[in-house]
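The values are calculated or read from the model by the stated rules, or taken from the named source; none is laboratory data. From a predicted model like this one, the values you see are computed outputs, not experimental measurements. Every residue, glycine as well, gets a Cβ built from its backbone with ideal geometry; the counts of neighbours run over all protein chains shown.
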Amino acid sequence: MKSLIRMRARKEDDTVELTIGLSKGLVIAATVVALAVASLGYGVIPAESQSKKSGKKAINANQVYSESVEAGDFVFLSGKIAYRQGKVVPGGVTAETKYVLDNLKTALAKSGLDMDDVVRTTVYLKTLEDYSGMNEVYQTYWTKDPPARTTIESGVVLNTSVEIDIIAYRGQ
């Protein structure tokens, strides 16, 4: 269909009818322009790594991620596992969950936050059979309402049972 604009007035009921027909190409072009303009308001927020603020590296120099990234009022902490001195922390999923959450709590403190500032977590379990053991420990880390959470069964790295990442909010 070609682009067209047609206007027709009807005397009998004092109405005006406006018909606009657009070509497929014009609709696609207009949509692309509208999305580009709308996305300008949602541009990338400059983020600052904790390691840059403190002058120290928060992670091993050969790693290709940051322990923590701040973007506006949000703080994103990379996933942590229970791996210490080249070995998985002994004691199964409950011991690993405690170790991971303690390390996340310490990492949050570097940004001046605590566990009650956490708004979102993702828990990766080696097997969903570990869910109750993880949850038993997990629920003890929040004194107020717990954050939103997703739990996923996945291949956790280095043969650990659990990995957890979090998002915290610095706002009021």
Some residue of segment 107-115 being within 16 Å of Glu163 (Cβ to Cβ) and at pLDDT 95 or above: no
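Residue-by-condition table, conditions (1) in contact (Cβ under 8 Å) with a residue 12 or more places away in the chain; (2) touching a helix residue (DSSP H, G or I) at 6+ places or on another chain (Cβ under 7 Å); (3) surrounded by fewer than 18 Cβ atoms within 10 Å (Cβ to Cβ):
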position: Asp102; (1), (2), (3): no, no, yes
position: Ala107; (1), (2), (3): yes, no, no
position: Met115; (1), (2), (3): yes, yes, no
position: Tyr131; (1), (2), (3): yes, no, yes
position: Asn135; (1), (2), (3): no, no, yes
position: Gln139; (1), (2), (3): no, no, yes
position: Arg149; (1), (2), (3): yes, no, yes
position: Ala168; (1), (2), (3): yes, yes, no
Inside segment 151-162, the number of residues satisfying the requirement of being small (Gly, Ala, Ser) and either under 19 Å from the mean Cα position of the chain (by Cα) or surrounded by fewer than 18 Cβ atoms within 10 Å (Cβ to Cβ) (or both) is 2
